[in-house]
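Read-outs: derived from the displayed coordinates by stated rules, not from any lab. From a predicted model like this one, the values you see are computed outputs, not experimental measurements. Quick reminder, even Gly has a Cβ in these numbers, built from the backbone with ideal geometry, and neighbours come from all protein chains shown.
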Amino acid sequence: MKILILEALLRRLPVGHPSRGTIEGELIKRKAGFKGERSLDYYMRQLPFNGHYIFQDLRLPLSNNAFFQIDSLLLSNRYFIIYDAKHHSGTLTFEEQQMLRTYENLQEAFPNPIVQVENQQYHLESLIRNHFNITLPNTSFVVVTNPSTIIRFDPTYEHVASQKVIRPTVIRQKSELFWREQTNPLLSDYDFQQLSRLLLKLDTPLITDVLGEFNVSKNDIVPGILCEICSTFSMKRHNGAWVCVNCGHSDRRAHIQALIDYFLLVEKTITNRQLRQYLRIPSISIASKLLTSLNLPYKGAYKNRVYILSLEKLEKCL
């Protein structure tokens, strides 16, 4: 979701906006992380185990109003395994206190991801024990998903790190090795289902104010219809279509992408008046036809009607 918001923000921010460079950098980082998670998902789906569930992007509560987050979790009634994806480029050197990344002659320090994923193990183990009064055996791996990344270990830490840092291609072997060591079911089928439902119930996706994070005002958002050919906000309504007065490109559905941007950046609801202001169209009847054609749920009647936007419904209309 944050990637979608950042992409919409870059579409609708003025070129000279002072936050644009920071947003572009954040989008690059987020896309790299998402690519790593997708790579991890691909190999997770190949695990030949029955009686397991795979959970992705869990954000679970701690007792002090804080949260811990898990990229991917393999759960059975005998054990669990946590996998944390890293998609950094360059050379990664794992030390006990930190991870160093060297890329294009620049070196950065990051928290040790092995310690981070072991903390996730600890918190999930505690959560399960508190609710079911059992301790599930568990392990974890840091999965370096970028195939061009070079992995190195500090000699004093290699005996630990070499067992915990893996490539996606060995997920099956590492998982199966641990799986074969755990032979005793510790959860009944009923409790296993209850645990799975509990994790889904406790999952609390992080909702962030992206505009506030990058010091962007809603007034900074450029209204109008963006032409996908010449990237200008110069499309006008003509004979049932949107026509770019700059390059002549015509598109009957260009308003849908604009509404997706509105949903991501401005509000989750919209009125006829707000649509006219946002799309720069003077006609109340055309705005009403556009909204009616999308079959959106609404509240109120006639001129007081408020339409409820849905990302899923809008994307289906593209």
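Quick notes on this structure:
- For a straight C-alpha distance cut-off of 16 angstrom, the lysines reachable from LYS164 (same-chain residues fewer than eight places away being disregarded) are LYS86, LYS174.
- Between ARG273 and THR156, the modelled label-to-label distance comes to 6.8 nm, taking each label 7 Å out from Cα in the direction of the beta carbon.
- Loop-located trypsin sites (Lys or Arg not before Pro) in the range 215-298 (DSSP state not H, G, I, E or B) with no more than 16 neighbouring Cβ atoms inside 10 Å: ARG252, ARG253, LYS268, ARG280.
- Whole-Hz Karplus values for the range 44-55 come out as 5, 5, 8, 5, x, 9, 9, x, 10, 10, 10, 10 Hz, taken residue by residue from phi with 6.51 cos²θ - 1.76 cosθ + 1.60 and θ = phi - 60°; glycine and proline positions read x.
- Low-density loop cleavage sites - trypsin sites (Lys or Arg not before Pro) in the range 39-128, where at most 15 other Cβ are within 10 Å (DSSP): ARG45
- Those GluC sites (Glu not before Pro) in the range 250-318 that DSSP places in a loop and that have at most 14 other beta carbons within 10 Å: GLU267
- For the chain, the pair-distance distribution built from all alpha carbon pairs, in bins 20 Å wide starting at 0, is 25, 45, 28, 2 percent.
- Close amide-amide hydrogen proximity is noted between ARG152 and LEU92, THR93, PHE94, each under 5 Å apart and 5 or more residues distant or on a separate chain (H modeled in the peptide plane; Pro and chain starts excluded).
- Integer Hz, Karplus 6.51/-1.76/1.60 couplings in order for the range 276-288, x for Gly and Pro: 5, 5, 6, 8, 6, 10, x, 7, 5, 5, 5, 4, 5
- Taking amide H as placed 1.01 Å from N in the peptide plane, the amide H of LEU186 sits under 5 Å from that of ARG78, each at least 5 places away or on another chain.
- For LYS236, the amide hydrogen comes within under 5 Å of the amide hydrogens of VAL243, CYS244, VAL245, counting only partners 5 or more places away or on other chains and with H modelled in the peptide plane.
- One Cα centroid belongs to the range 267-318, the other to the range 14-46; the line between them spans 30 Å.
- With viscosity 1.002 mPa s and temperature 20 °C, the Kirkwood radius over alpha carbon pairs of the range 129-182 converts through Stokes-Einstein to a diffusion coefficient of 162 µm²/s.
- About the Cα centre, charge dipole magnitude for the chain (Lys/Arg +1, Asp/Glu -1 at Cβ), debye: 1780
- Between ASN138, ASN119, ASN215, the residue with the greatest mean-square fluctuation in the GNM of the chain (Cα pairs under 10 Å linked by springs) is ASN215.
- Summarising the strand pairing of the range 2-202, around 65 percent of its internal DSSP beta bridges are antiparallel.
- Per-residue [θ]222 nm for the chain (sum of -39500 (n - 2.57) over DSSP H runs n ≥ 4, rounded to 500): -12500 deg cm²/dmol
- Rg over Rh [alpha-carbon atoms, Kirkwood Rh] for the range 1-131: 1.03
- Computed from phi, the 3J(HN,Hα) profile of the range 191-203 under the Karplus parametrisation 6.51, -1.76, 1.60 (θ = phi - 60°) reads 5, 4, 5, 5, 5, 4, 5, 4, 4, 5, 5, 7, 4 Hz, with x in place of Gly and Pro.
- The chain: angle of helix 2-12 to the longest principal axis, Cα-based, in degrees nearest 10: 30
- Annotation: extensible slack from LEU206 through SER293 equals 28.1 nm (criterion: 0.36 nm per residue apart, minus Cα-Cα distance).
- Among LEU40, SER162, ASN77 - extreme Cα towards positive end, dipole of the range 2-202, charges at beta-carbon: LEU40
- Treating each Cα of the range 142-300 as one equal point scatterer and applying the Debye formula with no solvent, the log10 of I(q)/I(0) at q = 0.10, 0.19, 0.21 Å⁻¹ comes out as -0.72, -1.22, -1.36.
- Based on the Stokes-Einstein relation at 10 °C and a viscosity of 1.306 mPa s, and on the Kirkwood radius from alpha carbon pairs, the range 223-317 is assigned a translational diffusion coefficient of 118 µm²/s.
- Distance between the 7 Å Cα→Cβ label points at ALA32 and GLU7: 1.9 nm.
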